[in-house]
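Right, one structure below, let's go through it.
The values are calculated or read from the model by the stated rules, or taken from the named source; none is laboratory data. Note that the coordinates shown come from a computational prediction; the quantities given were computed from them, not determined experimentally. As a convention, Cβ positions derive from the backbone with ideal geometry for all residues, glycine included, and neighbour counts pool all protein chains shown.
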Amino acid sequence: MGEAVGIRLERITKRFRGGVVAVNEVDLEVRPGEFMVLVGPSGCGKSTLLRMVAGLESVTDGTIWLGEKDVTEDLPQERDVAMVFQSYALYPRMSVRRNLGFGLRMRGAAKQERERRVAEVADVLGLDHLLDRRPAALSGGQRQRVAMGRAIVREPQAFLMDEPLSNLDAKLRVSMRAQLSLLHQRLGTTTIYVTHDQIEAMTLGQRVAVLRDGVLQQCDTPPRLFRQPVNLFVAAFIGSPSMNFVSATVSRGAVEFAGVRVPVPTGSELATADRRVILGIRPTGFGVASSNGLPTLSVVPEIVEELGDERNVIADVDAPRVDTDATRAAVDAQTADDALLLPAERARFTIRVPGDLPVTVGEPLTLSISPDRLYFFDPDSGTSLS
Amino acid sequence: MTTRTARRARGPYLRAARYLVLFLFGCLFLLPVYALLVTSLKDPASVSVVTMWELPGKLSMDSFRAVWPKLQNGFVNSLILAIPASIISSILGAANGFVLAKWRFPGADFVFPVILFGMFIPYQAILIPMFRVIASMGLNRDLSGLILVHIIYGLPITTLIFRSYFASISEELIEAAKVDGAGMLRTFFFVALPIAPPAFAVAMIWQFTSAWNDFLFGIVLTRTEYWPITVALNNIAGAQTVPFNEAMASALLACVPTVLVYVLLGRFFMRGLMAGALKG
């Protein structure tokens, strides 16, 4: 395999007929050999962006570089990229062997070379015994591997994957995720991977690009995305269960909500400010109250979700809840239990506590809040203030 | 609950009555076929209007033997006409349909209705100009002109059939082929055609039947020795005194190929050619 090449998107815009802007001036650089994940709620433009890189969608404005080559106007067959589709899109009348070899055949590889590479990839993916079957005779996971193999066998300059795991059941998805990571370590091929699942994004991506309404919000490593979200949307989207938000006031070096005053980290520009903020606390950001001197918050558990090692406690907090476009857009993409955030008049918090802590519905629970686990956002623009 | 029980109790009688009515209608519609069958299988001597509904006393192939020499030439002509007309028209229709459904070009939405419009032009309306064109091309001597006319006249319907069929195929399948490096022609031949047999079955049955059954173009565009079977059939049935048994035997012989085509190609109506392409 040749040297890995990078992919550079320069001010990419996609405007559909009728004026809908699906992708808006996105700048993104995927480094050679990098595994880049595009994530965002449905309709955020991530698939459109990927399809533009593949050449399946025309680019309204901007330039796409594949290595040192400007491929913006190239047809898909002129670009050396392989794509894995959400539906797998296997050729139904061809055997697995011919499905795998099709791309090589179309690109004029010699028969011997083709057979060698198909055998090699079939071996890697454990498809050897299935080579003569038609896709109809395969299970979902096997089909998924064939789709993957069809991309790998071509040894392209880049892999483009459009939610390739979303049709698998939960268990298989987790194991395929691990296999995909191993495969990438082994091949080192530049990869762009699209998903709406932030867990998939965090676990797979070396870097993750978060999109919303066609605009790139933040592109960073998973830990930085989790710890330093640039705005309310990224903070609400990344992490499961999602971050708790509440309207609060900062004054005299402390933030106040629901009758609790928590000192703002010293050195922060908020330490001297006097203003309204949106305060964010991750479900894992609470401690069990002890005599460690941290400010405490008392809540009455309404729902307790048992997870084994841990529990999710859902409780109301006596402070105005936050309901902005950004949090709603992020939460809509999440699971149903997060939607519980929405209906209540008061803010509703999800708190993750250790499994050995006794919690009963209706019995008050006292939690400690550590100042360095707080996130601050501007109520109007949603940008991070930390 | 009570009404549902009542309905269930009434069910069997209602259903029996419904099937009885349907059966009676079925018989009514099959009466001509019955007459056709029994008359053509009777001994020619025992054929008469009085006994036309009676079963043959003994089976006889004499009627078939009598008409076959008169039909044979037309039969062969019709085969030479209908087979290429249906195959070529279907292949061209498949290409049209593929491009109109999956390889869209600017103006496709205009071109498709224009092609479809051809379906609504009656044969009679264009008979004379068509004859002039075919004659000036020198194609009115043998079957080639007639074959050409049937290929072209079939294009609107075959295009429609294949366009609808290809439209139901996942866009991602075509896109996968594009990314794999196939252009338009290779996507058509390697990906689209292998899954098209059901559409071919429909298009070819339709085309074969209409080419086989055509009378007007057949009689106008060819010389006597190239007349198709419909013309030969008409000549037998249209004679001064009508020998029922011969007319019926000829009609029976004339419809054998279309029935055969239907039975043979009908097997390709099978579903499941797309099985396994998508998801799990």
Q: Among residues belonging to the stretch A:324-348 that are part of a loop (DSSP other than H, G, I, E, B), out of contact with any His (no Cβ under 7 Å at 6 or more places or on another chain) and modelled with pLDDT under 75, point out the one that is nearest to A:Asp213 (Cα to Cα).
A: A:Gln334
**Q.** Conditions (1) within 30 Å of A:Phe35 (Cα to Cα); (2) crowded, with 22+ Cβ neighbours inside 10 Å; number of the one not met by A:Phe245
**A.** (1)
Q) Could you say whether any residue in the stretch A:370-384 is of a type outside the set (Asp, Glu), part of a helix (DSSP H, G or I) and either modelled with pLDDT of 85 or more or at positive phi (or both)? A) yes
Q. With A:Thr48, A:Thr72 as the choices, which residue is out of contact with any Pro (no Cβ under 7 Å at 6 or more places or on another chain), closer than 30 Å to A:Pro223 by Cα and either crowded, with 16+ Cβ neighbours inside 10 Å or not β-branched (Val, Ile, Thr) (or both)?
A. A:Thr48
Q.
Against the condition touching a Leu at 6+ places or on another chain (Cβ under 7 Å), crowded, with 18+ Cβ neighbours inside 10 Å, free of Cβ contacts under 8 Å to residues at least 40 places away in the same chain and farther than 22 Å from A:Glu57 by Cβ, how does A:Leu130 come out, does it pass?
A. yes
**Q.** Residues of the stretch A:259-272 that turn out to be part of a loop (DSSP other than H, G, I, E, B), in contact with a strand residue (DSSP E or B) (Cβ under 9 Å, 6 or more places away or on another chain) and either buried (at least 18 other Cβ atoms within 10 Å of the Cβ) or of a type outside the set (Gly, Ala, Ser) (or both), as a count
**A.** 2
Q | A:Leu50 being within 16 Å of B:Glu172 (Cα to Cα) and touching a Leu at 6+ places or on another chain (Cβ under 6 Å) | A | yes
**Q.** Of all residues making up the stretch B:125-173, the number that are charged (D, E, K, R), part of a helix (DSSP H, G or I) and touching a helix residue (DSSP H, G or I) at 6+ places or on another chain (Cβ under 8 Å)
**A.** 2
Q. Do you know which of the residues in the stretch A:135-166 that are crowded, with 19+ Cβ neighbours inside 10 Å and part of a loop (DSSP other than H, G, I, E, B) is farthest from the chain's Cα centre (by Cα)?
A. A:Leu138
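A quick yes/no check of all residues on (1) among the acidic types (Asp, Glu); (2) touching a residue at least 12 places away in the same chain (Cβ under 8 Å):
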{"position": "B:Leu155", "(1), (2)": "no, yes"}
{"position": "B:Ile161", "(1), (2)": "no, yes"}
{"position": "B:Glu171", "(1), (2)": "yes, yes"}
{"position": "B:Lys178", "(1), (2)": "no, no"}
{"position": "B:Thr187", "(1), (2)": "no, yes"}
{"position": "B:Ala199", "(1), (2)": "no, yes"}
Q) Mind checking whether some residue in the stretch A:239-250 is touching a Ser or Thr at 6+ places or on another chain (Cβ under 9 Å), in a strand (DSSP E or B), hydrophobic (A, V, I, L, M, F, W, C) and under 30 Å from A:Ala201 (Cβ atoms)? A) yes
Q) Do we find a residue being more than 30 Å from the chain's Cα centre (by Cα) and modelled with pLDDT of 90 or more anywhere in the stretch A:264-274? A) no
Q.
Tell me whether the stretch B:200-221 contains one or more residues that are over 30 Å from B:Leu59 (Cα atoms) and within 14 Å of another protein chain (Cβ to nearest Cβ).
A. yes
Q.
What's the total number of residues in the stretch A:204-259 that are farther than 20 Å from A:Pro320 by Cβ, of a type in the set (D, E, K, R) and free of Cβ contacts under 8 Å to residues at least 60 places away in the same chain?
A. 4
Q: Might you let me know whether the stretch B:195-206 holds any residue that is surrounded by fewer than 23 Cβ atoms within 10 Å (Cβ to Cβ) and closer than 26 Å to B:Asn73 by Cα?
A: yes
Q: Being more than 14 Å from chain A (Cβ to nearest Cβ) and either surrounded by fewer than 20 Cβ atoms within 10 Å (Cβ to Cβ) or touching an Asp or Glu at 6+ places or on another chain (Cβ under 7 Å) (or both) is the filter here, so list the residues in the stretch B:161-177 that pass it.
A: B:Ser164, B:Ala167
Q: Quickly run through the stretch A:114-133 and pick out the residues that are of a type in the set (A, V, I, L, M, F, W, C), more than 13 Å from chain B (Cβ to nearest Cβ) and in a helix (DSSP H, G or I).
A: A:Val118, A:Ala119, A:Val121, A:Ala122, A:Val124, A:Leu125
Q.
Among the listed residues B:Gly266, B:Gly280, identify the single one that is more than 14 Å from chain A (Cβ to nearest Cβ) and at pLDDT below 85.
A. B:Gly266
Q | Residue list for the stretch B:37-79, restricted to those being surrounded by fewer than 17 Cβ atoms within 10 Å (Cβ to Cβ), part of a helix (DSSP H, G or I) and among the aliphatic types (A, V, I, L, M) | A | B:Leu37, B:Ala45, B:Ala66, B:Val76, B:Leu79
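Let's see how each residue does on (1) among the β-branched types (Val, Ile, Thr); (2) more than 10 Å from every other protein chain (Cβ to nearest Cβ); (3) without any contact (Cβ under 8 Å) to a residue 60 or more places away in the chain:
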site: A:Pro135; (1), (2), (3): no, no, yes
site: A:Ile152; (1), (2), (3): yes, yes, no
site: A:Glu155; (1), (2), (3): no, yes, no
site: A:Phe159; (1), (2), (3): no, yes, no
site: A:Leu172; (1), (2), (3): no, no, yes
Q | Members of the stretch B:216-262 found to be of a type in the set (Ser, Thr, Tyr) and more than 16 Å from the chain's Cα centre (by Cα), listed by number | A | B:Thr222, B:Thr224, B:Tyr226, B:Thr241, B:Ser250
Q) Would a scan of the stretch B:214-235 turn up a residue that is modelled with pLDDT of 90 or more, in the same structural domain as B:Ile134 (by TED's automatic domain parsing) and among the acidic types (Asp, Glu)? A) yes
